[in-house]
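Notes follow once the structure below has been shown.
The values are calculated or read from the model by the stated rules, or taken from the named source; none is laboratory data. Just so we're clear, the structure is a prediction, and the values are computed from it rather than from any experiment. Neighbour counts are summed over all protein chains in view; Cβ atoms, including those assigned to glycine, are modelled from backbone coordinates with ideal geometry.
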């Protein structure tokens, strides 16, 4: 793919009870404070991990004198995590829908690789082209790897509309792959993309330039798309089919 960018359990609230976030008006001081808290939390979670960072530390990182600012705006750490996830989601979803519409206009919606590139490219652009983008992907990788399955389920339920379009289009292109296998493979492919991009961000930050493949964005991305495509389109072995049959009624 050659895009323009080629180139322990959740701690829970640290004070008080979880509640609904306070409403904010776009452009208001409250909205700016909320954004500062989101970006500070994203950065701290990316560097130190989700479980080790408290709401109080996030307040300090965001320059908030009010020690309960994060709790006031979000109610709990889990709600703040959802807000971080959603903060960039709209932009990523808009870009992915734009790319999907372009694929459709060019008659390329029946090509698995083109669909997978469309899945990956917007998040690459977010990582490489926006302030804090590398923090976001590192944060996202930690969420997906977190042992709190309930949280992972919540975030997966927030997948963007464009992600659903890609999922169902790919599903239609692979009728020989059983539903259960395809769903599992799609999840694995997405987590592969997220973890690989997060590792790239960590390596580049730690080493300055990282391994050779990380210094060639187009090569890294093309190889990642190759891996995701192979995972999704691989033939289902007779062994897997036999094991799958055991899950079904009468198996």
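Just a few scattered comments:
- Subset of the stretch 195-210 [surrounded by fewer than 20 Cβ atoms within 10 Å (Cβ to Cβ) and either modelled with pLDDT of 90 or more or not in a helix (DSSP H, G or I) (or both)]: 195, 196, 199, 208, 209, 210
- Answer residue from the stretch 28-54, given it is assigned to a loop (DSSP other than H, G, I, E, B) and within 18 Å of the chain's Cα centre (by Cα) and is surrounded by the most Cβ atoms within 10 Å (Cβ to Cβ) among those: 50
- Candidates 46, 41, 69 - the one that is touching a helix residue (DSSP H, G or I) at 6+ places or on another chain (Cβ under 6 Å) and more than 16 Å from residue 137 (Cβ to Cβ): 69
- Residue check for residue 106: more than 28 Å from residue 191 (Cα to Cα) and surrounded by fewer than 16 Cβ atoms within 10 Å (Cβ to Cβ): yes
- Residue match in the stretch 71-87 (condition: modelled with pLDDT under 90, in a helix (DSSP H, G or I) and more than 18 Å from residue 45 (Cα to Cα)): no
- Taken together, 47, 116 contain a single residue that is modelled with pLDDT of 95 or more, out of contact with any strand residue (DSSP E or B) (no Cβ under 9 Å at 6 or more places or on another chain) and within 21 Å of residue 144 (Cα to Cα), which is 116.
- Residues located in the stretch 129-156, provided they are under 14 Å from residue 87 (Cα atoms) and either modelled with pLDDT under 85 or outside any helix (DSSP H, G or I) (or both): 130, 131, 132, 155
- Hits in the stretch 211-225 - residues which are farther than 15 Å from residue 195 by Cα and assigned to a helix (DSSP H, G or I): 212, 213, 215, 217, 218, 219, 222
- Flag for residue 59 being farther than 30 Å from residue 232 by Cβ and either in a helix (DSSP H, G or I) or touching a strand residue (DSSP E or B) at 6+ places or on another chain (Cβ under 8 Å) (or both): yes
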